[in-house]
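Undergrad: I have a structure here, written as structure tokens, and I will follow up with some questions on it.
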Amino acid sequence: GALCTQAAIVIALNWSIEGVVGIVTILILSISFSIIIGYFIGLALNRARGKEMITSIIIGFLGNSIFQMIFMTGFGSVIPIKNKAIGLSRGIGIRDMVDLGSYKIIDYQLYMITIVILFGAGIHYILNTPFGQQVKAVGGDYKNSFLLGINGEKVRIKAVIISTVLASIGQFIYLQNIGVANVYTAQSNSDIFSSAAILAGGASIKKASVKNAFLGIFLFHALFIVSPQAGQNIFNNAALGEYFRSFIAYGTIALAIIINLKKTQKELGK
């Protein structure tokens, strides 16, 4: 989903589509790409039941490799670069950093908080619809959901598509808020910090809620504020706070996975 947004941004910048028209173009392209890719990811995960986690990781690596192959080496030779400002001097490939100043419309904390609340309310609403109940049933026990007459494969594909679309929209909001985008590595932060935040909010591998997401956002933003000050006060170096923050992010994910695996093993033992 994040890569879909970054591809859409590069396309819009290449054709010099700016302002509101550019934002609409990026959203239309990114959502369209996300629906198509989310569908195929859903098909792949349906064939890898029980191995979804490792399969998703490999799909992520594959998608990243294809993205870089297109925009780092093939873009200039396959699709002409109209906007020389975003192209490398050799004429092939896109620059690492691109300016998103023309798309920067949301730059106030209140707006961002409002958007988060609206998205949270939207997810909460979806999960309480008949489709949302089917998603919970399939996610909870696939075999039992089949006995209830639910087409688990279709439900999973729809859920993956929604997830991918939300990821693409979230990535655009994140990038335009910053004002610049690292074309090749901007997506690497979205999955780690999102996972760490929701796990810090109390979610598990098998169960997560909007409440976990909101609590995780609060805790993780607090970490972003505290870590530079902690680095300065403890180590007399604010830069060490950044390493501390990364340590906490990865550590939270690792600890949550270990705890959940042990809990699952105990349940199976009973």
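The values are calculated or read from the model by the stated rules, or taken from the named source; none is laboratory data. Keep in mind that what you see is a predicted model, and the values were worked out from it rather than measured. Cβ placement follows ideal geometry from the backbone for every residue including glycine, while neighbour counts extend to all protein chains displayed.
Undergrad: Considering only residues of region 194-228 that are within 20 Å of Phe244 (Cβ to Cβ) and of a type in the set (Val, Ile, Thr), which is surrounded by the fewest Cβ atoms within 10 Å (Cβ to Cβ)? Before the answer, list the steps.
TA: We begin by selecting, within region 194-228, every residue within 20 Å of Phe244 (Cβ to Cβ); these are 194-197, 199-201, 216-228.
With the extra rule that they be of a type in the set (Val, Ile, Thr), the set shrinks to 217, 225-226.
Values: Ile217: 18, Ile225: 11, Val226: 13.
Residue satisfying both the conditions and the ranking: Ile225.
Undergrad: Scan region 255-267 and tell me whether some residue there is more than 16 Å from the chain's Cα centre (by Cα), among the hydroxyl-bearing types (Ser, Thr, Tyr) and at pLDDT below 80. Give the steps one after another, and end with the answer.
TA: Quick first cut of region 255-267, residues more than 16 Å from the chain's Cα centre (by Cα) only: 255-267.
With among the hydroxyl-bearing types (Ser, Thr, Tyr) added as a condition, the list becomes 264.
Now restrict to residues that are at pLDDT below 80: 264.
Checking region 255-267: at least one residue is more than 16 Å from the chain's Cα centre (by Cα), among the hydroxyl-bearing types (Ser, Thr, Tyr) and at pLDDT below 80.
Undergrad: What is the one condition in (1) within 30 Å of Arg49 (Cβ to Cβ); (2) more than 19 Å from the chain's Cα centre (by Cα) that Arg95 does not satisfy?
TA: Arg95 satisfies all of (1) within 30 Å of Arg49 (Cβ to Cβ); (2) more than 19 Å from the chain's Cα centre (by Cα) except (1).
Undergrad: Only one of (1) under 22 Å from Ala44 (Cβ atoms); (2) in contact with a helix residue (DSSP H, G or I) (Cβ under 6 Å, 6 or more places away or on another chain); (3) not assigned by TED's automatic domain parsing to the domain that holds Ile23 fails for Phe131. Which number is that?
TA: Unmet condition: (2).
Undergrad: Would you confirm whether or not region 58-75 contains a residue that is of a type in the set (Gly, Ala, Ser) and farther than 26 Å from Ile192 by Cβ?
TA: Residues of region 58-75 that are of a type in the set (Gly, Ala, Ser), as a first pass: 60, 63, 65, 74.
Now restrict to residues that are farther than 26 Å from Ile192 by Cβ: 74.
Yes, some residue in region 58-75 is of a type in the set (Gly, Ala, Ser) and farther than 26 Å from Ile192 by Cβ.
Undergrad: While we're on this one: Can you confirm whether region 104-116 contains a residue that is under 21 Å from Val180 (Cα atoms), surrounded by fewer than 14 Cβ atoms within 10 Å (Cβ to Cβ) and in contact with a Gly (Cβ under 7 Å, 6 or more places away or on another chain)?
TA: No, region 104-116 contains no residue that is under 21 Å from Val180 (Cα atoms), surrounded by fewer than 14 Cβ atoms within 10 Å (Cβ to Cβ) and in contact with a Gly (Cβ under 7 Å, 6 or more places away or on another chain).
Undergrad: Could you check how many residues of region 164-181 are among the small types (Gly, Ala, Ser) and under 10 Å from Lys104 (Cα atoms)?
TA: Final tally of qualifying residues: 1.
Undergrad: Pull up region 137-177, narrow it to residues that are at pLDDT below 90 and among the polar types (S, T, N, Q), then point me to the one that is farthest from the chain's Cα centre (by Cα).
TA: For region 137-177, the residue satisfying everything is Asn144.
Undergrad: Something else: From (1) in contact (Cβ under 8 Å) with a residue 60 or more places away in the chain; (2) more than 19 Å from Gly60 (Cα to Cα); (3) buried (at least 16 other Cβ atoms within 10 Å of the Cβ), pick out the condition that doesn't hold for Gly179.
TA: (3)
Undergrad: So which of Ile9, Ile26, Ile105, Ile81 ends up being closer than 17 Å to Gly170 by Cβ, out of contact with any Pro (no Cβ under 7 Å at 6 or more places or on another chain) and outside any helix (DSSP H, G or I)? First the steps, then the outcome.
TA: On the way: Ile9 fails: outside any helix (DSSP H, G or I); Ile26 fails: outside any helix (DSSP H, G or I); Ile81 fails: closer than 17 Å to Gly170 by Cβ.
Among Ile9, Ile26, Ile105, Ile81, only Ile105 is closer than 17 Å to Gly170 by Cβ, out of contact with any Pro (no Cβ under 7 Å at 6 or more places or on another chain) and outside any helix (DSSP H, G or I).
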